[in-house]
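Peer 1: Here's a structure for you.
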Amino acid sequence: MVEHSQITLYTNPNSAFCHRVEIALAEAQAEYSSFIVDLRNKPSWFAAKVNPLGKVPAITYGGPHTAPEDPAPESAKIAESLVILEFLADIFPEARLLPTDPVLRVQARSFITATDRLLFGAFIAFFFKYTEGADQILLNALEEVQRRLPPTGFVIGEWSNADISVAPLLVRFPILLKHDLGKYPVGEGPKVLEILQGPKFARLMKYIHELEQRPSVRSTWDEAETVELWKKNPYAQRN
Ligand SMILES: N[C@@H](CCC(=O)N[C@@H](CS)C(=O)NCC(=O)O)C(=O)O
């Protein structure tokens, strides 16, 4: 077994960005410590010692094991979920978060570049900011993700960071819509879900089902917990 340097993950259960990193760490079967950052009451040491932007996810890597509140000065401090995914692919090559074939690697990265902002933008527009037309923005984004999927299997055939980049949001969509959670008008969630369950989105829904079954996703995500967190999420409450 390969010995790895210490990893500490700064995370938050509400964050789909953090969920990406948790899935990748689970894929790598990495040993790590984690610290939940209260985003509404961030400890001052977090920006000072870990991520000057004050955002999660962030990791420290290397240096001696210390308390999360007191990261070793010599540890590397790494932020941005997609950057962390690249880093984890580098330090855990045996986890095959990215394939060795350069063409497949570039396919994974192209998918991530094409879908990252599109999907998060549509998510925020629909669930957090709702204005008229946000349902169509969401459906268009999901259609574009579907268009980029191969007829079967994962994004590049084998599992990779490309799947990890979209899994946190894609597994949340059906659940949040089913429970009608978010800022959109009451009843809109189940209506959008019905469209997703129709023939037009059959490929996407099959893919989402396969993401839900992936052990690294199953072990890092809980449907009931997400529903409870969302019922209390201040950014998702209807006025
Ligand atoms: N582009 C960043 C986004 C990270 C992000 O926005 N994190 C949110 C939680 S979902 C956060 O830490 N918000 C706290 C803040 O902005 O003060 C990534 O991919 O990691």
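Peer 1: All other residues with a Cβ under 10 Å from the Cβ of PRO43 taken together, and with Lys, Arg as +1 and Asp, Glu as -1, what is their net charge?
Peer 2: On the way: positive: LYS42, LYS49; negative: ASP38, GLU69.
Value of the local net charge: 0.
Peer 1: Choose one answer from THR131, THR60, THR11: the residue with the largest mean-square fluctuation in a GNM of the chain with alpha-carbon springs under 10 Å.
Peer 2: THR131
Peer 1: Could you sort PHE92, PHE154 by their accessible area in this structure, using a 1.4 Å probe and putting the largest first? Spell out each step's value before the answer.
Peer 2: Values: PHE92 5, PHE154 40 Å².
Order by accessible area, largest first: PHE154, PHE92.
Peer 1: What is the Cα centroid distance between region 128-145 and region 8-77, reported in whole angstrom?
Peer 2: If we compute the Cα centre of each part, the gap is 31 Å.
Peer 1: Then there is this: Mind checking which of ILE91, PRO64, ILE23 is farthest towards the positive end of the chain's charge dipole, using Cβ charges of +1 (Lys, Arg) and -1 (Asp, Glu) about the Cα centre?
Peer 2: ILE23
Peer 1: Would you mind checking LYS55/LYS191; LYS55/LYS206; LYS183/LYS206; LYS42/LYS231; LYS200/LYS232 for any pair whose Cα atoms are more than 31 angstrom apart? Walk me through the numbers on the way to the answer.
Peer 2: Details: LYS55/LYS191 34 Å; LYS55/LYS206 33 Å; LYS183/LYS206 27 Å; LYS42/LYS231 22 Å; LYS200/LYS232 33 Å.
Check vs 31 Å cut-off fails for LYS55/LYS191; LYS55/LYS206; LYS200/LYS232.
Peer 1: Something else now. Round to the nearest 10 and report in Å² the accessible area of LYS191, as given by a 1.4 Å probe over the protein chains' heavy atoms.
Peer 2: Accessible area of LYS191: about 120 Å².
Peer 1: At 37 °C and a viscosity of 0.692 mPa s, what translational diffusion coefficient does Stokes-Einstein give for region 97-239, taking Rh as the Kirkwood radius over Cα pairs? Give it in µm²/s as a whole number. Please report the intermediate quantities before stating the final value.
Peer 2: Numbers: Rh = 15.7 Å.
Answer from the Stokes-Einstein relation: 209 µm²/s.
Peer 1: So which residue, out of LEU229, LEU97, LEU25, gets the largest mean-square fluctuation from a GNM of the chain using Cα contacts under 10 Å as springs?
Peer 2: Most flexible of the set in this elastic network: LEU229.
Peer 1: Another one. What net charge do the residues around ASP90 carry, taking every other residue with its C-beta under 13 Å from that of ASP90, with Lys and Arg at +1 and Asp and Glu at -1? List each step's numbers first, then the result.
Peer 2: Numbers: positive: ARG96, ARG105; negative: GLU86, GLU94.
Local charge sum for ASP90: 0.
Peer 1: Could you give the semi-axes, largest first, of the ellipsoid that matches the chain, computed as the square roots of 5 times the alpha carbon gyration tensor eigenvalues and rounded to whole Å? Write down the numbers at each step before the final one.
Peer 2: On the way: eigenvalues 184, 108, 39 Å².
Those come to 30, 23, 14 Å.
Peer 1: Sorted from largest down, what three extents in whole angstroms do the Cα atoms of region 20-154 have along their principal axes?
Peer 2: Answer, in whole Å and largest first: 47, 41, 19 Å.
Peer 1: In degrees from 0 to 90, rounded to the nearest 10, what is the angle of the helix 16-27 Cα long axis to the longest principal axis of the chain?
Peer 2: With rounding to tens, the tilt is 60 degrees.
Peer 1: Can you compute the charge dipole magnitude of region 102-230 about its Cα centre, using +1 on each Lys and Arg Cβ and -1 on each Asp and Glu Cβ, nothing else charged? Give it in debye, rounded to the nearest 20. Show your work: numbers first, answer last.
Peer 2: Working: 15 positive and 16 negative charges, 90 e Å.
Charge dipole, region 102-230, about its Cα centre: 440 debye, nearest 20.
Peer 1: Tell me, what ³J(HN,Hα) does each residue in region 138-148 have, in order and in whole Hz, if you take phi through Karplus 6.51 cos²θ - 1.76 cosθ + 1.60 with θ = phi - 60° and put x for Gly and Pro?
Peer 2: Computed from phi, the couplings for region 138-148 are 5, 5, 4, 4, 5, 5, 5, 4, 4, 4, 8 Hz.
Peer 1: If you add up the charges near TRP159, with Lys and Arg at +1 and Asp and Glu at -1, over every other residue whose beta carbon is less than 10 angstrom from its beta carbon, what do you get?
Peer 2: -2
Peer 1: Turning to a different aspect of this structure: Nearest 10 degrees is fine. How inclined is helix 81-91 to the longest principal axis of the chain, computing both from alpha carbons?
Peer 2: Approximately 50 degrees, to the nearest ten.
Peer 1: Also: Any chance you could give the angle, 0 to 90 degrees and rounded to 10, that helix 102-123 forms with the longest Cα principal axis of the chain?
Peer 2: It works out to around 60 degrees.
Peer 1: For region 7-95, state what percent of all Cα-Cα pairs lands in each successive 10 Å bin, counting from 0 Å until the bin that includes the largest distance.
Peer 2: Each 10 Å bin holds this share of Cα pairs: 18, 55, 26, 2.
Peer 1: Let me spell out the model: positive unit charges on the Cβ of Lys and Arg, negative unit charges on the Cβ of Asp and Glu, origin at the Cα centre of the chain. What dipole size does that give, in debye rounded to 20? Walk me through the intermediate numbers first.
Peer 2: On the way: 25 positive and 29 negative charges, 158 e Å.
So the dipole magnitude of the chain works out to roughly 760 debye.
Peer 1: If you don't mind, there's one more thing I want to ask. With each run of n ≥ 4 DSSP H residues scored as -39500 (n - 2.57), what mean residue ellipticity at 222 nm is computed for the chain after dividing by its residue count and rounding to the nearest 500 deg cm²/dmol? Mind showing how you got there, number by number?
Peer 2: On the way: 10 runs with 118 residues, N = 239.
So the calculated ellipticity at 222 nm is -15500 deg cm²/dmol.
Peer 1: What are the residues whose amide H is under 5 Å from the amide H of ALA58, where those residues sit 5 or more places off or on another chain and H is modelled from the backbone?
Peer 2: It is TYR10, by chain and number.
Peer 1: Here is a further query. If the only charges are +1 at each Lys and Arg Cβ and -1 at each Asp and Glu Cβ, what is the size of the charge dipole of region 7-95 around the Cα centre, to the nearest 20 debye?
Peer 2: Numbers: 6 positive and 11 negative charges, 90 e Å.
My answer is approximately 440 debye.
The values are calculated or read from the model by the stated rules, or taken from the named source; none is laboratory data. Here the structure is a predicted model, which is why all the values come from computation and not from measurement. Don't worry about glycine lacking a Cβ; one is built from the backbone with ideal geometry, like all the others, and counts go over all protein chains shown. SASA here: full protein model, heavy atoms, side chains in, ligands and nucleic acids out. Shrake-Rupley method; radii C 1.70, N 1.55, O 1.52, S 1.80 Å.
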